[in-house]
């Protein structure tokens, strides 16, 4: 008897980034030395003060259920962080603490997208946006930014032509995964104008906001006059604080959207882990120095890779944030990435997974020595 599955789940493919990382793990379990440039995970340990805060919270008995939307202390700390970023219109009542920023995004998609609703993505776009849109029943419209060095401002005309009163959701990710581009204030103002004109909900995914190199990454809601009812700001702790496995994120939005998204949270994951939320307070309040040290290391790695690839005639658009870059490769980027891991034992992610074929995403969340090794191996395999 053949088991039947929902049409909803069959709309999506497994995560390309996780699939590549899993393949790297299998090879490593067989004794193969793989340089993993595929995963979006800082290679730094979580700062000691954050780990100690979690231990102290467990010792204090913070191991039970919490309010579904988060403990008050963390929601207040998040509201203060958002105010520091120029989003002083969010209070703790506008915040849901989630098990990772991915859960926050998922809840927003489910809360605002119905079957047939148009969802607009700015390509190259993080792989899970597409999956979330399809799970919610949305129809995708994609705007290419690769032709403009991954910047949004030159592509605003295409975005203007694409959106309409039928557009339900637009996702903006700056600094962005997979390209590391930081959108200009003018680009964000253009987004706000279109959102207000057509009553579009805009997700501002700011998970990499604190990882930038000599530039500021403004929050969409801080530098534009976007209708606050149309704005959802998403962030988390995984990237800037090296807390990927802790699963802690949040969304900030109107109280009405918080109420709707909160239904999904309460009926699914219930809440983020209690003692992890207490560690999150420590991360926000006392970890700036450690974050600065990590960002400085990422910048050195970025500069090294840009210079190394230039020696092979590879013109890399220098990222202004996050810890990814897009390496121009063969038109069949899927085959290139398969050859890279099979022959050179270097794990990368094909650009087509992000809606932009002809590239491979390189994560430089790895040591300079291992990144040098990756480039050497790709050269030895005649892939550069």
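Values computed for the structure shown
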quantity: Among 141-149, 53-61, 104-112, the order from most to least packed when residues are scored by Cβ within 10 Å on average; calculated: 104-112, 141-149, 53-61
quantity: Calculated FRET efficiency for the pair residue 307/residue 6, C-beta based, R₀ 51 Å, to 0.05; calculated: 0.55
quantity: Euclidean distance between Cα centres, segment 45-99 to segment 171-233, Å; calculated: 23
quantity: Calculated log₁₀ intensity ratio I(q)/I(0) where the Debye formula runs over C-alpha points of segment 265-384, q = 0.22, 0.23 Å⁻¹; calculated: -1.17, -1.26
quantity: Segment 72-120: Rg to Rh, with Rh as the Kirkwood radius over Cα pairs; calculated: 1.08
quantity: Fewest-first ranking of 294, 325, using other Cβ atoms within 10 Å as the exposure measure; calculated: 294, 325
quantity: Cβ-based exposure ranking for 185, 247, in which fewest neighbours within 10 Å come first; calculated: 185, 247
quantity: Alpha-carbon spread of segment 1-90, three principal axes, descending order, Å; calculated: 48, 39, 34
quantity: Reciprocal of mean inverse Cα separation for segment 3-43 (Kirkwood radius, Å); calculated: 12.2
quantity: Which of 239, 73, 81 has the fewest Cβ neighbours within 10 Å, and the rest in rising order; calculated: 73, 81, 239
quantity: Segment 65-286: radius of gyration over Cα atoms, expressed as a fraction of 2.2 N^0.38 Å; calculated: 0.95
quantity: Debye equation applied to the C-alpha atoms of segment 191-268, log10 I(q)/I(0) at 0.11, 0.12, 0.22 Å⁻¹; calculated: -0.35, -0.42, -1.07
quantity: Entry for Cα extents along the principal axes in Å (calculated from the structure that is shown) out of (1) 81, 45, 39; (2) 113, 46, 32; (3) 59, 56, 54; calculated: (3)
quantity: Computed [θ] at 222 nm, helices only, for the chain once each DSSP H run of length n ≥ 4 contributes -39500 (n - 2.57); calculated: -13000 deg cm²/dmol
quantity: Cα centroid separation - segment 311-384 against segment 4-42, whole Å; calculated: 16
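None of the figures in this text is laboratory data; all of them are computed from the coordinates on show. Every value quoted in this text rests on a predicted model; they were computed, and no experiment measured them. Cβ sites come from the backbone with ideal geometry, for glycine too, and all protein chains shown count toward neighbours.
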